[in-house]
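The values are calculated or read from the model by the stated rules, or taken from the named source; none is laboratory data. This one's a predicted model, so the numbers in the text were calculated from it and none came from an experiment. Here the Cβ positions follow ideal geometry from the backbone for every residue, glycine too, while neighbour counts run over all protein chains shown. Surface areas here come from the heavy atoms of the whole protein model, side chains and all, with no ligands, DNA or RNA. Shrake-Rupley method; radii C 1.70, N 1.55, O 1.52, S 1.80 Å.
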Amino acid sequence: IRPSPAKFASLCIVSGSTRVIMAPGLSARAARLVALPKPSFTSIYYASLDKLYDPVSRPAGIVNLGVAENRLSAPLVKDRLDSANSGVSFDSLAYNPYTGSERLRVAMARVASRHIARCSIDHKRLILTSGAGSSLWILAASLAEPGQGILVPTPYYYAYDRDFGALTDCQVVPFNTNDRGDPLNPEALSTAVHSASSSGIKCRLLVVTNPSNPTGEVVPACKLQATIDWAGRNGIDVIVNELYACSARSSTFQSVLSMYSDPSGVCNLPPHVHFVWGLSKDFAVNGLRVGCLYSGSDLLTEAASKFAYFVQIGGTVQAQLSECLEDDDWVDDFLAESRRRVGQAVAATEAALQSIGAPTRPSDGALFVWADLGEWATAAGGELRLFEHLAALPGGGVLICPGSSFQAPTEGWFRICATAAPGDHLSVGLKRLIAGLASVGSKRCRRGSA
């Protein structure tokens, strides 16, 4: 029995240590959304948008190494968009199909076929959305009932709580086998399902992010295949989020699309497998909001095409991007150069951290370095204290993301986005990071100076 809207005025929504009393008339769904804890770094980031580092106008500004953007490759995209047609036409100014224009669906399917799937995907099954987050919401809304669980191995992208739960009333079910464990094995997966069941939650979906956000690690194809097989046996659908697929720099990365290529070279996903991708990261256009989903289920594809009404992409944006993505030579050159820039930035970040003995996880994909700064966090009085210390360094701070924002099983891990700052800002940010850690000190630092 659902309480009347008036009663929500007296409901107390608790999330962690946050307690929120909602205003009269607000729905329980809205109350839960408001009560979702904000990652600690976002408040500082948004407060510093007009105070970011600039070598000339703002040398003491904060260097952003926190937000998942590819600013290193953005100038290449801007130049191409500047040279493209404006996208303004009577067709683009009119209503477009909910699933996206035919032209952009063909163009994105071609890019995905050539650079991700390595086989042919049917553009008619591709549903375009206003960002990958919208694709994730559609999948949750189409496949899970309110109150059902969505399994997510930790650490995971913090916005999954919002993407999967805000409008569906589904519950994210985080699980892990310690920081160095392997959550994607049948025993760990079955344990997570049974644990959720004992709490009254039926798990309906499993999310695999490959390459990972926040760690940048790649899930081997054999492990992904075993996970999908396990899910099929247990009546669980699998969402494979490959938002960073074209940024993967290791031959170990294999898209779920290529795993199901038939002898004729056509992708045929199983009905319980659903692929998500977008242009935000691989093509450095976070602000244009372009994502897509591709499913092996005919019923899901039909349902998603209806839900897409709510998350359409602007017509002029679709026209401009179509022109760019239809240019095979430009796409090939851009992705190769972008991977080179990302790889160099990640390697420089890893080298800086290794110079002070800070352990990092292997980053074969995505834009990040996942670093263990536990010793420095302990010396600073905790992970959040270290985060705040680095953001407020004298002479200019540096913003990185604390692992608690990603439900990291162990305190002290941080995500450092090597591509978040443009041009040569990374070197400035890394110098500040190393100096800031040195000013906190650690057992390791004290041993080195003895």
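Values for this structure:
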quantity	calculated
Carbon and sulfur %, accessible surface of the stretch 39-181 computed with the full protein complex present, 1.4 Å	53
In Å, descending, principal axis extents of the Cα set of the stretch 225-272	33, 25, 16
Cα-centred dipole magnitude for the stretch 310-450, charges only on beta-carbon of K, R (+1) and D, E (-1), debye, nearest 20	1220
All Cα pairs of the stretch 303-350, percent lying beyond 11 Å	75
Value of [θ]222 nm, deg cm²/dmol, for the chain, DSSP H segments ≥ 4, -39500 (n - 2.57) each, nearest 500	-11500 deg cm²/dmol
Rounded accessible area per residue of the chain, 1.4 Å, Å²	43
Relative contact order (%) - the stretch 227-329, alpha-carbon pairs under 8 angstrom, separation at least six	22
Computed accessible area, HIS194, all protein chains, 1.4 angstrom probe, square angstrom	120
For the chain: relative contact order, % (alpha-carbon pairs under 8 angstrom, 6 or more apart)	23
Set LYS38/LYS281; LYS38/LYS306; LYS124/LYS306; LYS78/LYS124 screened for pairs whose C-alpha atoms are more than 24 Å apart	LYS38/LYS306; LYS78/LYS124
Residues with amide H under 5 Å from that of THR209, placed H, sequence gap 5 or more	ASN241
Shape of the stretch 340-450, Cα gyration tensor, a/c cut at 1.5	rounded
Rh by Kirkwood over Cα pairs, then Stokes-Einstein D for the stretch 52-158 at 1.567 mPa s and 4 °C, µm²/s	71
Phi-based couplings in Hz for the stretch 97-102 (Karplus 6.51, -1.76, 1.60; Gly and Pro marked x)	x, 3, 7, x, 5, 4
Global geometry of the stretch 193-342, whether rounded, prolate or oblate, following the gyration tensor of its Cα atoms and the 1.5 cut on a/c	prolate
Gyration tensor verdict on the stretch 129-230 (Cα atoms; rounded if a/c is under 1.5, prolate if a/b is larger than b/c, oblate otherwise)	oblate
5 Å-binned pair-distance histogram of the stretch 199-288 (Cα, whole percent)	3, 13, 22, 23, 19, 12, 6, 2, 1, 0
For the stretch 206-262, size of Cβ-based charge dipole, Lys and Arg +1, Asp and Glu -1, in debye	140
Largest to smallest principal axis extent of the C-alpha atoms in the chain, angstrom	66, 57, 47
